[in-house]
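Each remark here refers to the structure printed beneath this line.
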Amino acid sequence: MIQISNLALNFHEEVLFSEVTLNLNPAHNYGLVGANGSGKSSLLKLISGQLSPSKGNINFPGGARIGYLKQFTAEYDDCTIIDLVMMGNINLWQAMYEKKQLLAKSKLNNEQGIKLAKLEQIIADYDGYQAEVRATEILTNLGVSPEKHEQELKSLSGGFKIRVMLAQLLFGKFDVLVLDEPTNHLDLPASVWLEGFLKETKIMVIFASHDRYFLNRLSDYILDIDYQTIKSYAGNYDDYLKTKTSIDEQQKKDIANQIQKRDLLEKYIQRFSAKATKARQANSKKKLVKKMVLPTIKTSSRIAYQYNFSGEAKSARRVLVADDIAKSYAAQKIFENINFECLLGEKIVLIGSNGLGKSTMLKVLAGIITPDKGEVKLGSNVKVGYFAQEIKELLGESGSTNVYDWIYAKTSGLSSHEVHSILAKVKLKKGDNKKLIKVLSGGELSRLYFAYLMAIKPNLLLLDEPTNHLDLESIEALTGALQRFAGTLFFISHDRFIIDQVATRIMLFTPKGVFFYQGTYQEYLYYQQKNEHDAGNNCGEVTNVNANTNEGGEVGKVFLAGSDSRLSIKATPKEIDESKSKLNWLASREKAKQLRKKEKTEQKITTLEAKLATIRAKLADLTLYEAKNKQKLHDLQLTEKDLSSEVECLWSEFYELEGQNES
């Protein structure tokens with residue numbers, strides 16, 4: 001168990017979090033969430049010993065080995081990739097290295113022979129004779145091809161270097177793995193494999209991720225950094241959202257109930273304080289009002305983004321046609337003989353392992369790259385908006401320009417007010433607008449370019465890994481905007497949440513070619529499982545009719561038609577007189593009872609409000625929102641709802657009785 005006690009961390013004058021006390025249990029996976037800048041990476045560095053807290057302690061069981069994903073790799077550039085991975089188990093690696101040194105000698109003395117025997121035992125204990133096979137398997141599943149394993153690390157690009165460092169971590173025998181955005185540099189197949197690998201481990205995994213699918217599939221608990229503290233929620237990310245929303249709604253409801261109660265008391269005071277017979281009660285209620293302190297709702301660090309890519313005009317039904325396009329780089333063929341058309345409103349995701357041509361295809365469709373063969377024909381009135389994986393490609397030499405000047409120059413039709421408004425929607429406020437582009441973070445650069453796309457209003461969007469630098473709130477807002485987008489979309493992403501929520505068609509890149517699947521991502525996965533082989537093994541187009549579509553009629557709408565008959569009954573004069581007499585008698589009797597009823601009502605209000613206060617105190621207990629207490633929480637919430645309604649009705653009844661007694 002990792003015990004975190006009264007932990008606090010300050011950055012200059014800013015408090016990231018404080019008064020954090022948590023117990024993290026072995027063999028559980030903890031997903032870490034929070035807004036950008038809230039302290040997720042800092043917490044992971046505290047746990048891994050890379051950073052010291054401002055206050056408090058983190059205690060580990062004796063001898064626990066903590067594995068942390070390294071980001072800086074220059075010191076390992078001259079190591080071969082396979083050796084670097086096996087260094088993840090340092091005891092095994094040292095034994096293998098020393099054995100290799102001894103075996104290089106022409107002859108061994110007795111002491112060296114004994115040493116060699118001990119090394120052999122260590123290697124056997126760590127299953128060292130399968131070490132290279134295991135390291136090769138991990139690397140390959142992370143997308144590092146076998147022909148590269150004997151090369152030096154410096155031969156790889158930055159993203160692939162991080163994959164090697166991740167492979168080293170997975171190879172090692174650690175008790176706790178600490179991972180900061182482990183899927184950032186992975187393609188979709190590698191992300192899926194990593195998820196499965198970590199689920200099968202029997203060790204603690206603490207990780208930050210903006211991949212909602214990854215969080216949902218892997219997390220046993222969510223650690224939420226918000227309100228300058230950290231709270232633990234049982235379950236995955238979706239469970240956490242429900243629980244946190246429920247808690248927030250309960251807090252708002254408590255405040256609303258307190259305000260309502262105060263208003264009712266003040267109404268009573270205003271009405272009866274001047275009456276001698278009620279002055280004592282009115283003064284008592286004044287004291288209650290003075291003692292009332294309305295709870296405040298803290299401001300969350302979560303940010304609400306407002307993406308909207310609505311196009312100005314509708315394009316032709318046939319948005320684009322790819323006619324026999326092909327592209328190669330030097331001797332490497334990327335793709336060839338590609339023929340397809342895209343219709344208005346389609347949302348096509350390009351998926352497949354890195355290096356198979358997804359980004360190249362998007363650039364060909366955008367007109368940034370000219371194909372070696374064939375052409376891409378755009379339909380009439382098509383306006384293209386392109387988002388590159390590396391935003392700096394699009395910004396060119398604009399680094400010394402500030403945010404406002406850049407977007408104002410790129411969107412000459414917008415007024416100054418409109419520019420500020422659109423930047424505010426992506427949370428680039430006036431204070432940010434004078435920042436030079438070269439000092440912006442990756443997330444800020446992405447949001448700046450989204451603002452530009454929102455301003456030019458394209459009806460064909462081509463997006464290459466748009467979620468790479470975004471936090472969860474921004475990804476969810478972007479997902480919603482793309483769902484609402486009335487135009488046509490091509491996008492590349494390794495984020496399964498946005499793929500699942502947005503895509504209506506799959507463009508699958510495989511070593512055997514490019515194939516299409518007509519349907520959603522979930523339907524595609526089902527198709528794969530049902531056919532028990534990769535869709536790319538089929539010769540030709542992979543298609544599937546969406547079973548949820550129904551041409552030629554509205555589905556799911558039931559129109560209820562009914563008559564509005566009214567029955568009119570006419571009473572006789574005798575019946576009317578008898579009724580009036582009876583009503584007058586009842587009214588006189590009722591008036592005699594009202595005073596006693598009012599007193600009983602007030603007593604009942606006092607009793608029920610005491611019960612309600614007890615229930616609300618229980619609902620404020622965070623442990624109640626854990627999965628094991630689900631039924632208890634449900635019962636308490638129902639009781640609270642019923643009591644609140646009853647108290648509200650009783651107060652209304654009380655004031656009605658007061659008015660009747662005065663009349």
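The values are calculated or read from the model by the stated rules, or taken from the named source; none is laboratory data. All values derive from a computational prediction rather than experimental measurement. As a convention, Cβ positions derive from the backbone with ideal geometry for all residues, glycine included, and neighbour counts pool all protein chains shown. With ligands, DNA and RNA removed, areas are computed over all heavy atoms of the protein, side chains included. Shrake-Rupley method; radii C 1.70, N 1.55, O 1.52, S 1.80 Å.
A few comments on the model shown:
- Any hit, the stretch 283-292, residues being open to solvent by less than 40 Å² (accessible area, probe 1.4 Å), of a type outside the set (Val, Ile, Thr) and more than 19 Å from the chain's Cα centre (by Cα): yes
- Members of the stretch 129-142 that are of a type in the set (A, V, I, L, M) and either open to solvent by 100 Å² or more (accessible area, probe 1.4 Å) or assigned to a loop (DSSP other than H, G, I, E, B) (or both): LEU142
- Subset tally (residues that are open to solvent by less than 10 Å² (accessible area, probe 1.4 Å) and of a type in the set (Gly, Ala, Ser)) for the stretch 148-171: 1
- Considering the stretch 328-413, the qualifying helices (runs of 4 or more DSSP H), each wholly inside and each with 3 or more residues that are closer than 23 Å to TYR521 by Cβ, run over 358-366.
- Count of the stretch 211-223 residues, restricted to those that are charged (D, E, K, R) and surrounded by fewer than 22 Cβ atoms within 10 Å (Cβ to Cβ), is 2.
- Pairing residues of the stretch 617-636 that are closer than 18 Å to THR21 by Cα with residues that are in a loop (DSSP other than H, G, I, E, B) and modelled with pLDDT of 80 or more, at Cβ distances under 9 Å and at least 6 apart in sequence or on separate chains, gives GLU626/GLY235.
- Within the stretch 349-392, restricting attention to residues that are acidic (Asp, Glu) and modelled with pLDDT of 90 or more, the residue that is surrounded by the fewest Cβ atoms within 10 Å (Cβ to Cβ) is GLU375.
- Residues in the stretch 206-232 that are over 15 Å from the mean Cα position of the chain (by Cα) and not acidic (Asp, Glu): ILE206, TYR227, GLN228, THR229, ILE230, LYS231, SER232.
- Selection within the stretch 18-63: residues that are touching an Asp or Glu at 6+ places or on another chain (Cβ under 8 Å) and among the polar types (S, T, N, Q). The member of this set that is surrounded by the fewest Cβ atoms within 10 Å (Cβ to Cβ) is SER41.
- Among the residues here, LEU470 does not qualify as in contact with a strand residue (DSSP E or B) (Cβ under 9 Å, 6 or more places away or on another chain), closer than 30 Å to CYS342 by Cβ and open to solvent by less than 10 Å² (accessible area, probe 1.4 Å).
- The set of residues from the stretch 471-513 being more than 27 Å from GLN306 (Cβ to Cβ) and modelled with pLDDT under 90 comprises THR510, PRO511, LYS512, GLY513.
- Residue match in the stretch 376-390 (condition: on the phi > 0 side of the Ramachandran plot, in contact (Cβ under 8 Å) with a residue 60 or more places away in the chain and not hydroxyl-bearing (Ser, Thr, Tyr)): yes
- Any hit, the stretch 181-194, residues being assigned to a helix (DSSP H, G or I), in contact with a helix residue (DSSP H, G or I) (Cβ under 7 Å, 6 or more places away or on another chain), at pLDDT 90 or above and surrounded by fewer than 16 Cβ atoms within 10 Å (Cβ to Cβ): no
- Among the conditions (1) modelled with pLDDT under 90; (2) closer than 26 Å to HIS210 by Cβ; (3) of a type outside the set (Val, Ile, Thr); (4) surrounded by fewer than 22 Cβ atoms within 10 Å (Cβ to Cβ), TYR527 misses just one, which is (2).
- Subset tally (residues that are under 18 Å from the mean Cα position of the chain (by Cα) and within 20 Å of ILE391 (Cβ to Cβ)) for the stretch 473-491: 8
- Pairs with Cβ under 7 Å, 6+ apart, first in the stretch 120-144 and of a type in the set (Val, Ile, Thr), second outside any helix (DSSP H, G or I) and surrounded by 17 or more Cβ atoms within 10 Å (Cβ to Cβ): THR136/HIS149
- Condition met for TYR126 (crowded, with 16+ Cβ neighbours inside 10 Å and within 30 Å of THR229 (Cβ to Cβ)): no
- Meets criteria (in a strand (DSSP E or B), farther than 30 Å from THR467 by Cα and either over 43 Å from the mean Cα position of the chain (by Cα) or modelled with pLDDT of 85 or more (or both)) for GLY67: no
- Of all residues assigned to the stretch 308-320, none qualifies as being touching a strand residue (DSSP E or B) at 6+ places or on another chain (Cβ under 6 Å), outside any loop (DSSP other than H, G, I, E, B), among the aliphatic types (A, V, I, L, M) and surrounded by fewer than 19 Cβ atoms within 10 Å (Cβ to Cβ).
- Among the numbered conditions (1) open to solvent by 40 Å² or more (accessible area, probe 1.4 Å); (2) of a type outside the set (Lys, Arg); (3) modelled with pLDDT under 90, the only one that ASP239 does not meet is (3).
- Subset of the stretch 64-120 that is open to solvent by 90 Å² or more (accessible area, probe 1.4 Å) and acidic (Asp, Glu) - its residue that is farthest from GLN3 (Cα to Cα): GLU111
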